[in-house]
1. Test each condition in (1) touching a Ser or Thr at 6+ places or on another chain (Cβ under 9 Å); (2) over 16 Å from Gln108 (Cα atoms); (3) small (Gly, Ala, Ser); (4) open to solvent by 30 Å² or more (accessible area, probe 1.4 Å) for Ser25 and report the one that comes out false.
2. Counting only residues that are of a type outside the set (A, V, I, L, M) and either open to solvent by less than 10 Å² (accessible area, probe 1.4 Å) or within 14 Å of Asn43 (Cα to Cα) (or both), how many does the stretch 83-93 have?
3. List pairs: first residue in the stretch 53-66 and touching a residue at least 12 places away in the same chain (Cβ under 8 Å), second residue among the aromatic types (Phe, Trp, Tyr) and open to solvent by 60 Å² or more (accessible area, probe 1.4 Å) anywhere in the structure, Cβ distance under 8 angstrom, at least six positions apart or on different chains.
4. Condition first: touching a Leu at 6+ places or on another chain (Cβ under 9 Å), in a strand (DSSP E or B) and of a type in the set (A, V, I, L, M). Can you find one or more residues in the stretch 62-79 that meet it?
5. Regarding Ser70, is this residue within 26 Å of Ser113 (Cα to Cα) and open to solvent by less than 70 Å² (accessible area, probe 1.4 Å)?
Amino acid sequence: QVQLVESGGGLVQPGGSLRLSCTVSGFIMRLYWMNWYRQAPGNERELVATIGTDGEASYLDSVKGRFTISRNNAKNTMHLQMVNLKPEDTAVYYCHLDGPNYWGQGTQVTVSS
């Protein structure tokens, strides 16, 4: 059974940092591109960051320079380091395994003073 489990979300003040993690089980993630998406209330789900099998990364313009995506294929994990967080980053963040199209359950990130 394939499972993607996110962790690391929470409440943080503007300017703060969080590190999200996604642990994949039941699947060999190194063969596929992986993504972080987010969805804020009333908004469509949007692609935040993508990482290829060789570690090549791309980002949503609004998070460039603040978010860093990474992967550890040996541990079947993916991370999203987020710094200088803004209130507009508030959303549920989802881990996504491209190709097979598997999703995690999401982790809430709230940026508020």
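1. All conditions are met except number (1).
2. The qualifying residues number 4.
3. Note: pairs meeting the criteria are Thr53/Tyr32; Thr53/Trp33.
4. Taking every residue of the stretch 62-79 in turn, at least one turns out to be touching a Leu at 6+ places or on another chain (Cβ under 9 Å), in a strand (DSSP E or B) and of a type in the set (A, V, I, L, M).
5. no
The values are calculated or read from the model by the stated rules, or taken from the named source; none is laboratory data. Predicted model, so just to flag it, every value in this text is computed and none were measured. All Cβ positions, even for glycine, are placed from backbone atoms using ideal geometry, and neighbour counts span all protein chains on display. Areas reflect the complete protein model, heavy atoms only, side chains present, ligands, DNA and RNA absent. Shrake-Rupley method; radii C 1.70, N 1.55, O 1.52, S 1.80 Å.
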